[in-house]
Each structure stands twice: as structure tokens, then as C-alpha cells.
Amino acid sequence: MPLVDYLIARDGAPPRRGLAYDYVLGGDGLFLAAGNRSLEVRVPVAPACVRGLPAIYPCLSLRGGRLPQSLWDQIAAVMCARPERELLLAVSLEPSGYQLLQPRQIADATSIVYRPLCNVLLQIHSHGGYPARFSATDNADEQGLGLYGVLGRLDCDRPEVALRVGAYGYFMPLPWETVFAGEKGRFRDRNFDPPEETEDGSGLPH
């Protein structure tokens with residue numbers, strides 16, 4: 001089997017062939033398909049209308065199912081307790097279920113230094129009082145296959161969360177409900193919730 005293969009979706013999404021990942025051309029564009037012990041994903045690379053091929057659509061499958069409410073509550077509590085500094089947490093899929101990890105790290109208000117993580121499903125970090133927006137540094141660091149998240153505006157009444165799946169440098173935003181089961185509480189999904197209205201009803205974000 002090749003490390004990377006190049007496939008055409010003539011009869012729907014084809015089976016994976018590459019040891020690392022596949023590029024797949026479908027009627028709705030070019031995708032990267034990859035998987036590991038925690039997830040399977042098909043991430044858009046370039047949209048296109050390819051006549052004669054069926055659409056194959058983006059997709060994500062979590063092998064252990066969505067992460068439980070209790071795990072989200074722990075993540076939110078740990079990060080909201082330290083809004084003055086960045087923090088990094090991770091989630092791995094073990095035979096006993098999902099496990100929350102807090103890797104060794106050196107952090108201040110705007111940065112985190114940590115050893116690269118292996119065999120984790122989710123890496124999620126905080127931006128303190130800044131927006132939950134993936135930075136250029138995040139893009140450069142998050143080059144593996146897995147889920148990534150950021151929490152921000154932790155000093156506000158309505159903090160933010162943003163989630164995405166990354167596949168070797170290609171990213172796809174995800175609604176909170178795609179990753180976690182339950183309710184996200186007072187958090188606003190920065191990518192998918194409507195912007196909050198100001199007092200004058202303008203609809204502009206605070």
C-alpha cells in the first residue's frame with residue numbers, strides 16, 4: 001500500500017488505500033480522507049463541480065462516540081478557573097473510554113510551551129480574555145490528525161468556544177454538538193452560533 005494514494009469517487013466514497021491518507025476527487029471537489037484509532041474524517045481541500053462524479057461530502061466519525069457532558073464540564077471548569085493564562089488540555093480514547101489529560105506545560109497570558117502530544121483525539125487550549133479564534137501559531141502547531149479546540153473570552157459572562165478537525169494541515173470547523181454530547185452551557189459557539197446583539201439591537205458582536 002502507498003503512503004498516500006489518489007482516488008476517484010466513481011461510485012461514491014471509495015475505501016481508503018493510503019497508509020497515511022488519500023486524496024479523493026468527487027463530484028463536489030477534492031477531499032483528504034484519513035483515519036486513526038480515534039476517528040475517520042473526510043476534509044474538503046478544494047471545492048469544485050466535477051461532472052459525472054457523485055458528491056461525497058465532508059464527514060467525521062468518532063470511533064468512541066461523542067465526548068460526554070462530564071468531560072466538557074471539566075474542561076470548561078479548569079480553563080475558566082484560570083482566565084489570566086493559557087492552558088492546554090487533551091482527551092485520549094482508551095479501552096475504558098475517554099480520558100482527560102493535562103500535559104506538562106509552561107504557560108503565560110499569551111503562549112504555551114509543551115511537548116508534542118501523541119495518540120490523543122482532542123487538543124484544546126484557552127486564549128484567556130481573547131477571542132476563541134485559531135491563530136497562525138495554532139495552524140502551524142496543529143498539523144496532525146485529530147480534533148482541536150480553543151476557548152476564549154473567559155473573563156466575560158458569555159465565553160466562546162471554537163472546534164475543528166485537522167487532517168495534516170487541512171481544517172474543517174465543527175459545531176460543538178458534533179464533538180460533545182449534552183449542553184455547552186453559557187458558552188457561545190464562535191463558528192456557528194449567531195452573533196450576540198448589542199444593546200442597540202445592531203447584531204454586532206461585542
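Laboratory data are not the source of any read-out in this text; all were calculated from the coordinates shown. Please read these numbers as outputs of a predicted model, since none were measured by experiment. Virtual Cβ from ideal backbone geometry, glycine too; neighbours counted across all protein chains shown.
Set the Förster radius R0 to 41 Å, insert the Cβ-Cβ distance between residue 11 and residue 118 as r into 1/(1 + (r/R0)^6), and round the FRET efficiency to 0.05. Intermediate values should be presented prior to the final figure.
Values: r = 36 Å, r/R0 = 0.87.
It comes to 0.70.
Of the peptides 87-96, 122-131, how do they stack up when ordered by the mean number of other Cβ atoms within 10 Å, highest first?
Taking the mean over residues of other Cβ atoms within 10 Å, the ranking is 122-131, 87-96.
Which ³J(HN,Hα) values, rounded to whole Hz and listed in residue order, are derived for segment 18-33 from phi using the Karplus coefficients 6.51, -1.76 and 1.60 in 6.51 cos²θ - 1.76 cosθ + 1.60 with θ = phi - 60°, glycine and proline given as x?
Once θ is set to phi - 60°, the couplings for segment 18-33 become x, 5, 9, 6, 10, 8, 10, 9, x, x, 9, x, 9, 10, 10, 10 Hz.
Can you compute the charge dipole magnitude of segment 86-197 about its Cα centre, using +1 on each Lys and Arg Cβ and -1 on each Asp and Glu Cβ, nothing else charged? Give it in debye, rounded to the nearest 20.
Values: 10 positive and 15 negative charges, 44 e Å.
Value, rounded to 20: 220 debye.
5 Å is the cut-off here: which amide hydrogens, built 1.01 Å from N in the peptide plane, fall below it relative to residue 86, excluding neighbours closer than 5 in sequence?
108, 109, 110, 111
Using alpha carbons only, how many angstrom separate the centre of segment 111-178 from the centre of segment 1-65?
23 Å
How much length is gained on full extension from residue 158 to residue 105, taking 0.36 nm per residue of separation minus their Cα-Cα distance?
16.4 nm
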